[in-house]
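Trainee: First the structure, which I've put down as structure tokens, then a few questions once you've had a look.
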Amino acid sequence: MYFKLRLGLAVYTLHKSFQSFLLQTLPFGLKSKLIMLKIKTPKSGKAKREIEKRAPKLVESGKKTLILQGTKTSNVLNAVLTEIYHLKKDSAVRYTRKNENIRPFESGGETSLEFFSLKTDCSIFVFGSHSKKRPDNLVIGRTYDHHIYDLVEVGVENFKSMESFTYDKKLSPKVGSKPFIAFIGEGFESVDELKHLKEVLLDLLRGEVVENLNLAGLDHAYICTAVSSNRVFFTHCAMRLKKSGTIVPRMELVEVGPSMDLVVRRHRLPNDSVRKEAMKTAKEQPKKKVKNVSQDVIQGKVGKIYVPDQQVGSVALPYKAKGLKRERREAKMKHETNDRAPKKQKENSE
């Protein structure tokens, strides 16, 4: 049996005979990663189904979000991470422990982050850290094949939590509902940093992509406004429907929080080769095979119909055979009426 160990950007394959030596010499952090990354063949049906769920698909399911923090955070940053987790509660994983040696923008500093992404099967992550140079810092990124794809670093300012807003609790968004996402401002089309931030926020907030949608499930909206070339005002609103005198109701937005200013600090675009590989799509989805239907060049669409064996010999025939001629059938009926008539007259005479 072989084991995989990731150190920096290299992956080493280890034989089982070398396992005991590594477990004695490696520190506890790398030792746990070595145990977690063991390659095991599934022995039960449940394990096989779980592996199949994580396998690549033509139509991917909704993206899960990993929320974690660094060694040092602030009260504002902890509140921001908690609010994001509540907004994405149906498809998010939250780690509250402090994580060391996670530096997404540095080479070798993304190893632990990629490990957590593989462990939780999350393709989007939100990492919070706080320092004197970069206070209240958020790093939002995406992964491809559980490797860092792209990164956007923003600073949080003027944060307001959900509790600071007063509104009717009946308007609070429901879990699993789909949101509207509005990007207001020319900066999202002209500034590269804001373009990149728009793509990442859209992936983070939209949830699972669906073809059909019930309008009753649209009850909230995310509004992102480009204030300047590096500042975006983010707010969350609930939608209230009121009478307008017509069939189409009048819609009002009620701010329910959270709201904050996102100041873009750093961003890293993916490599061209990685982008090209990640953007690959199937030419056409395989059609589901229909039973007993085939295509023919000459006849076109041909179908097969199953007809059970008809046992004609055992079928009960009616009393009046339809094969008799019309004259014979009418004469027989007249003869029956003539025989019954004298009996009725005798009964009346008595």
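The values are calculated or read from the model by the stated rules, or taken from the named source; none is laboratory data. Please read these numbers as outputs of a predicted model, since none were measured by experiment. With ideal geometry, Cβ positions are generated from the backbone for all residues, glycine too; neighbour counts draw on all protein chains shown. Just the protein is used for accessible areas: all its heavy atoms, side chains included, with ligands, DNA and RNA removed. Shrake-Rupley method; radii C 1.70, N 1.55, O 1.52, S 1.80 Å.
Trainee: Given a 1.4 angstrom probe, I'd like the percentage of the accessible area of segment 174-290 that is carbon and sulfur, rounded to a whole number.
Mentor: Result for segment 174-290: 53 percent of the exposed heavy-atom area is carbon or sulfur.
Trainee: Find how much the distance from Ile298 to Asp168 grows on full extension, using 0.36 nm per residue of separation minus their present alpha carbon separation; answer in nm with one decimal.
Mentor: That works out to 40.2 nm of additional length.
Trainee: Count the net charge of all other residues whose Cβ sits under 15 Å from the Cβ of Lys72, scoring Lys and Arg as +1 and Asp and Glu as -1.
Mentor: Net charge in that neighbourhood comes out at +4.
Trainee: Using packing as a proxy for protection, rank 163-174, 256-267 so that the peptide with the highest average count of other Cβ atoms within 10 Å comes first.
Mentor: Put in order of decreasing packing, that is 256-267, 163-174.
Trainee: Same structure again: Rounded to the nearest 0.05, what FRET efficiency do Asn214 and Arg265 have when you use their Cβ-Cβ distance and R0 = 56 Å?
Mentor: That pair, Asn214 with Arg265, gives E of 0.90.
Trainee: Hey, with R₀ at 35 Å, roughly what FRET efficiency would Glu186 and Lys289 work out to, going by the Cβ-Cβ distance, to 0.05?
Mentor: Result of the calculation: an efficiency of 0.10.
Trainee: Can you tell me how much longer the chain between Tyr85 and Glu336 gets when fully stretched, taken as 0.36 nm per residue apart minus their C-alpha distance, in nm with one decimal?
Mentor: My answer for the length gained is 81.3 nm.
Trainee: To continue, here is another question. Just to confirm, what accessible area per residue do you get for segment 69-199 at 1.4 Å probe, in whole Å²?
Mentor: 53
Trainee: Loop-only GluC sites (Glu not before Pro) in segment 187-290, please: DSSP not H, G, I, E or B, and at most 11 other Cβ atoms within 10 Å.
Mentor: Here the GluC sites (Glu not before Pro) that fit, given the DSSP loop and packing criteria, are Glu211, Glu284.
Trainee: A further question follows. Report the FRET efficiency, 1/(1 + (r/R0)^6), for Val307 and Arg329, where r is their Cβ-Cβ distance and R0 is 30 Å, rounded to 0.05.
Mentor: That gives a FRET efficiency of 0.35.
Trainee: Say the cut-off is 24 Å between C-alpha atoms; which of Lys64/Lys287; Lys89/Lys288; Lys89/Lys276; Lys63/Lys178 go over it?
Mentor: Beyond 24 Å: Lys64/Lys287; Lys89/Lys288; Lys89/Lys276.
Trainee: With a cap of 10 neighbouring Cβ atoms within 10 Å, and only residues DSSP puts in a loop, list the GluC sites (Glu not before Pro) found in segment 42-86.
Mentor: Taking segment 42-86 and a limit of 10 other Cβ atoms within 10 Å, the loop GluC sites (Glu not before Pro) found are Glu60.
Trainee: Of the trypsin sites (Lys or Arg not before Pro) in segment 68-101, which ones lie in a loop per DSSP and count no more than 12 other C-beta atoms within 10 Å?
Mentor: Taking segment 68-101 and a limit of 12 other Cβ atoms within 10 Å, the loop trypsin sites (Lys or Arg not before Pro) found are Lys72.
Trainee: For a quick check: with amide H placed at 1.01 Å from N, whose amide H comes under 5 Å from Glu110's, ignoring anything fewer than 5 positions away on the same chain?
Mentor: So Glu110 has HN proximity to Arg103.
Trainee: From a point 7 Å beyond the Cα of Val254 in the direction of its Cβ, which residues of segment 164-186 have a backbone N at a distance under 13 Å?
Mentor: 165-174
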